[in-house]
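Read the structure below first, then the notes.
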Amino acid sequence: MVIVFVLVGLAVLAAFGALHWYAWRRLVRDTTSGPGLARRSGTVLFVAGPLLMFGAVASERAGAPFWLQQVLAWPGFLWMALSLYLLLALLAGEVLRPLARWALTRRGAAAGQPSAAEDGAAVAGAPAAVGTGARDVTVGSAPRRGVPEGAGAEPGARAAGLADPPSDGRSDGSTPSAEPGAPGGSTRDAAGVTGPSRRLFVSRVVGGAAAAAAVGTVGYGTYGVLRGPAVKRVTVPLAKLPRSAHGFRIAVVSDIHLGPVLGRGFAQKVVDTVNSTQPDLIAVVGDLVDGSVKDLGPAAAPLAGLRARHGAFFVTGNHEYFSGAEQWVGQVRELGIHPLENARTELAGFDLAGVNDVQGENEGQGPDFGRALGDRDTSRACVLLAHQPVQIHEAVRHGVDLQLSGHTHGGQLWPGNLIADAANPTLAGLERYGDTQLYVSRGAGAWGPPTRVGAPSDITVVELASRQA
């Protein structure tokens with residue numbers, strides 16, 4: 001089994017390296033005419049970026065000093081997002097690249113100019129005749145009138161680029177199409193003027209467009225996270241809900257992911273947004289933090305300011321078990337938030353229950369639906385807090401009316417939604433499973449890159465509706 005994991009790990013690293021080499025080749029090697037500062041700088045970027053990314057992930061999981069996590073997190077996690085969209089943009093550019101070269105070739109042909117492949121032949125055979133008073137000089141293999149056999153060109157002709165080129169071993173004296181030292185980079189036209197080849201020009205245009213698209217996408221997605229989650233409102237009718245509880249509002253907050261990137265300021269934005277909705281109850285459904293109480297206790301302190309008529313409740317997510325779940329349960333209790341560890345509380349109109357995340361099974365603290373729901377009055381409506389949507393199947397078996405979850409982030413980074421959708425029964429939004437409804441929030445924060453593309457963050461106000469009303 002260990003050998004299998006090692007082989008899989010090596011295969012993943014090889015694929016990762018190959019994709020980065022492809023991106024380096026298209027963005028650095030193919031857009032530079034030869035060794036120089038630009039190519040060296042690009043190479044350093046494509047080596048440092050992956051190293052910082054692995055360093056950011058490893059330092060967080062290993063519990064490295066928090067200052068080191070913060071130093072590595074921003075560049076490392078942003079490179080994770082940027083490299084993804086660079087790769088996608090470059091793959092799209094592979095379709096545009098031959099079209100661009102074809103368009104340039106056709107345009108050059110319409111203007112009577114040689115193609116990039118024909119540049120050398122055009123230079124060698126073009127009779128660029130220039131009048132110089134009493135003499136006529138022709139560059140190339142054509143005979144030169146008025147100039148003695150074997151004589152050199154006029155100094156003025158040399159200055160104008162019309163003198164015989166240095167021999168490169170050709171018996172006919174023709175001029176090579178590319179400048180020495182810049183293969184595929186520069187060509188000489190019929191007047192002796194050098195410039196970038198069409199291949200290099202297309203590489204720079206496509207590479208520049210891909211880089212601009214990737215940077216713009218990541219920049220906008222990061223801005224969307226840092227400005228804070230938007231408020232989403234959903235009405236959920238429950239058959240067993242009494243008329244007295246009609247219009248009860250639950251603010252669902254998931255996946256805040258306080259850590260080395262999103263800190264105290266972000267927590268305050270979440271608190272202000274939740275309080276602005278004036279909910280009757282607040283449900284924090286897991287993945288509150290990515291780090292220890294020692295490192296992130298001050299960042300979580302603003303959560304003490306959450307305000308709701310019936311209080312705030314919390315269940316663990318998988319990331320709490322990477323961060324010390326027992327300590328965090330105690331910490332949220334000190335902040336005035338009520339943990340529901342496989343437990344239930346009775347409110348006027350319905351039961352509110354909560355179960356631990358499935359990740360807790362590794363520590364003997366997994367979900368226990370029997371303990372949370374086994375002895376309840378099934379004639380009452382029941383709302384369950386459970387971090388992962390996959391827990392819906394147990395909720396159906398225990399007669400839950402509504403499960404509130406997070407975990408998926410809505411995919412966070414497109415096209416990651418395709419993977420998240422395949423791994424979860426519901427990616428985001430409200431769906432029905434038998435007599436049980438499941439609502440999945442996209443979450444308030446972000447894990448890894450502080451970036452969202454195609455999956456905006458949200459805090460959802462779920463309004464319960466009584467069919468009796």
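The values are calculated or read from the model by the stated rules, or taken from the named source; none is laboratory data. Just so you know, these numbers come straight off a predicted model, no measurement behind them. We place every Cβ from the backbone using ideal geometry, glycine too, and count neighbours over all the protein chains shown.
Determine whether segment 305-321 contains at least one residue that is of a type in the set (Asp, Glu), crowded, with 20+ Cβ neighbours inside 10 Å and either in a helix (DSSP H, G or I) or in the same structural domain as Gly443 (by TED's automatic domain parsing) (or both). Taking every residue of segment 305-321 in turn, at least one turns out to be of a type in the set (Asp, Glu), crowded, with 20+ Cβ neighbours inside 10 Å and either in a helix (DSSP H, G or I) or in the same structural domain as Gly443 (by TED's automatic domain parsing) (or both). Among the residues making up segment 453-464, a single one is among the small types (Gly, Ala, Ser) and either in a strand (DSSP E or B) or touching a residue at least 60 places away in the same chain (Cβ under 8 Å) (or both): Ser457. Within segment 32-55, the set of residues being part of a helix (DSSP H, G or I), small (Gly, Ala, Ser) and surrounded by 15 or more Cβ atoms within 10 Å (Cβ to Cβ) comprises Gly42, Gly49, Gly55.
Scanning segment 387-412 for residues that are crowded, with 24+ Cβ neighbours inside 10 Å and either within 16 Å of Ala81 (Cα to Cα) or of a type in the set (Gly, Ala, Ser) (or both) gives Ala395, Ser405, Gly406, His409, Gly410, Gln412.
Whether any residue in segment 231-239 is closer than 18 Å to Ala348 by Cβ, of a type outside the set (Val, Ile, Thr) and part of a helix (DSSP H, G or I) is what I want to check. For segment 231-239, residues closer than 18 Å to Ala348 by Cβ, of a type outside the set (Val, Ile, Thr) and part of a helix (DSSP H, G or I): absent. Is it true that some residue in segment 56-71 is part of a helix (DSSP H, G or I), out of contact with any Pro (no Cβ under 8 Å at 6 or more places or on another chain), closer than 19 Å to Gly416 by Cα and not acidic (Asp, Glu)? Taking every residue of segment 56-71 in turn, at least one turns out to be part of a helix (DSSP H, G or I), out of contact with any Pro (no Cβ under 8 Å at 6 or more places or on another chain), closer than 19 Å to Gly416 by Cα and not acidic (Asp, Glu). Taking each residue of segment 436-452 that is touching a residue at least 60 places away in the same chain (Cβ under 8 Å) and within 23 Å of Ser59 (Cα to Cα) and looking for partners that are part of a loop (DSSP other than H, G, I, E, B) and acidic (Asp, Glu) with beta-carbon atoms closer than 6 Å, six or more apart or interchain, yields Gly445/Asp255.
Would you point out the residue of segment 290-329, among those that are hydroxyl-bearing (Ser, Thr, Tyr) and within 19 Å of His387 (Cα to Cα), that is modelled with the highest pLDDT? In this case the residue turns out to be Thr316.
Every residue, every condition in (1) at pLDDT 95 or above; (2) in a loop (DSSP other than H, G, I, E, B); (3) in contact with a strand residue (DSSP E or B) (Cβ under 8 Å, 6 or more places away or on another chain); (4) in the same structural domain as Val440 (by TED's automatic domain parsing), yes or no:
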{"position": "Glu341", "(1), (2), (3), (4)": "yes, yes, yes, yes"}
{"position": "Gln391", "(1), (2), (3), (4)": "yes, no, yes, yes"}
{"position": "Glu394", "(1), (2), (3), (4)": "yes, no, no, yes"}
{"position": "His407", "(1), (2), (3), (4)": "yes, yes, yes, yes"}
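For segment 74-96, filtering for residues that are buried (at least 19 other Cβ atoms within 10 Å of the Cβ) and touching a residue at least 60 places away in the same chain (Cβ under 8 Å) leaves 12.
Does at least one position in segment 269-277 carry a residue that is part of a helix (DSSP H, G or I), assigned by TED's automatic domain parsing to the domain that holds Glu346 and among the acidic types (Asp, Glu)? Within segment 269-277, one or more residues are part of a helix (DSSP H, G or I), assigned by TED's automatic domain parsing to the domain that holds Glu346 and among the acidic types (Asp, Glu). Of the residues Asn362, Asn356, the single one that is outside any helix (DSSP H, G or I), under 31 Å from the mean Cα position of the chain (by Cα) and either buried (at least 19 other Cβ atoms within 10 Å of the Cβ) or polar (S, T, N, Q) (or both) is Asn356.
Whenever a residue of segment 196-219 is farther than 13 Å from Arg101 by Cα and touching a residue at least 12 places away in the same chain (Cβ under 8 Å), its partners that are in a strand (DSSP E or B) and aliphatic (A, V, I, L, M), lying with C-beta atoms within less than 7 angstrom and at least six residues away or across chains, give the pairs Thr217/Val453.
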